[in-house]
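Right, one structure below, let's go through it.
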Amino acid sequence: MTTVVFFSTSKDVTVELIKEFVVESQRPEGTTNIWTLVRDPSQTEFEECVGPLEPFESGFLNSSLDDLKSFTENVPEEEANLLNDSFVILDERSTRDKTCALHHSVYEMPADVPEGEWIDEKAIKSWKEWRVPFSSSAYVALYLERHPWAFVEKWGFTAKKDNVIDGEGVLQLPSLPMKEFEMLDDDGWPA
């Protein structure tokens with residue numbers, strides 16, 4: 001299964017908040033747990049984020065965006081299930097408004113290439129960022145992985161018909177059908 005790495009960049013991100021992020025992101029229909037928590041830059045083993053989680057100090061406190069991009073782009077090849085073009089950041093703002101920063105890389109043509117034409121040698125990699133509620137983060141990450149340009153065209157950085165970037169800069173998607181978890185384990189994680 002394809003998984004997306006996520007980082008904690010604030011000492012205020014608790015294991016309870018991480019659990020809330022993972023659980024809430026699985027509520028939309030068609031989503032599942034796609035998250036891999038990266039605790040430290042030296043981490044070499046990666047697994048799906050499931051509970052219970054023990055408290056830890058993130059090795060990414062106050063890391064720069066470039067450091068997180070570099071880590072993601074350089075995930076070891078043997079970790080074929082980890083995406084190297086997407087990641088999520090739980091930061092200080094996440095503790096206040098239950099949103100995360102979702103980053104995804106795309107390749108684009110420079111302005112001197114006619115629209116609709118593609119020249120591999122001229123492709124420029126760029127990273128896009130969306131602030132999304134926990135409850136739509138897995139949906140958005142999966143959509144980006146499967147249809148990145150359709151997503152950027154439909155929900156880029158400006159308001160569209162059924163969705164908006166609200167006054168706080170958070171992408172608000174149309175209502176997503178939500179599911180109820182039939183079973184939770186003793187720690188409150190979907191079973």
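The values are calculated or read from the model by the stated rules, or taken from the named source; none is laboratory data. Note that the structure is predicted; figures quoted are calculated from it, not measured. Every residue, glycine as well, gets a Cβ built from its backbone with ideal geometry; the counts of neighbours run over all protein chains shown. Accessible surface areas use protein heavy atoms only, side chains included; no ligands, DNA or RNA. Shrake-Rupley method; radii C 1.70, N 1.55, O 1.52, S 1.80 Å.
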_So Ser70 passes all but one of these: (1) in contact with a strand residue (DSSP E or B) (Cβ under 8 Å, 6 or more places away or on another chain); (2) among the hydroxyl-bearing types (Ser, Thr, Tyr); (3) open to solvent by less than 60 Å² (accessible area, probe 1.4 Å). Which condition number does it fail?_
(1)
*Checking Trp118 against (1) surrounded by 12 or more Cβ atoms within 10 Å (Cβ to Cβ); (2) among the aromatic types (Phe, Trp, Tyr); (3) over 20 Å from Leu142 (Cβ atoms), which single condition isn't satisfied?*
(1)
*For region 97-111, does any single residue satisfy the condition of being in contact with a helix residue (DSSP H, G or I) (Cβ under 9 Å, 6 or more places away or on another chain), at pLDDT 90 or above and assigned to a loop (DSSP other than H, G, I, E, B)?*
yes
*What is the one condition in (1) in contact with a strand residue (DSSP E or B) (Cβ under 6 Å, 6 or more places away or on another chain); (2) surrounded by 14 or more Cβ atoms within 10 Å (Cβ to Cβ) that Ile124 does not satisfy?*
(2)
*asked:* Please count how many residues of region 1-23 are small (Gly, Ala, Ser) and either crowded, with 22+ Cβ neighbours inside 10 Å or under 18 Å from Asp85 (Cα atoms) (or both).
replied: 1
*Does Asn84 satisfy the criteria of being within 17 Å of Leu144 (Cα to Cα), open to solvent by 50 Å² or more (accessible area, probe 1.4 Å) and not hydrophobic (A, V, I, L, M, F, W, C)?*
yes
*Test: Glu153 is loosely packed, with under 11 Cβ neighbours inside 10 Å, at pLDDT 85 or above and either touching a strand residue (DSSP E or B) at 6+ places or on another chain (Cβ under 8 Å) or assigned to a helix (DSSP H, G or I) (or both)*: no
*Of the residues that make up region 88-101, is at least one more than 27 Å from Gly169 (Cα to Cα) and open to solvent by less than 70 Å² (accessible area, probe 1.4 Å)?*
no
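Per-residue answers, yes or no, for (1) over 14 Å from Val88 (Cβ atoms); (2) at pLDDT 95 or above; (3) touching a Gly at 6+ places or on another chain (Cβ under 7 Å):
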| position | (1), (2), (3) |
| --- | --- |
| Val4 | no, no, no |
| Ser8 | no, yes, no |
| Glu29 | yes, no, no |
| Glu47 | yes, no, no |
| Val50 | yes, no, no |
| Ser58 | no, yes, no |
*Assess whether Thr36 counts as being open to solvent by less than 60 Å² (accessible area, probe 1.4 Å), touching a residue at least 60 places away in the same chain (Cβ under 8 Å) and either within 30 Å of Gly167 (Cβ to Cβ) or not in a loop (DSSP other than H, G, I, E, B) (or both).*
no
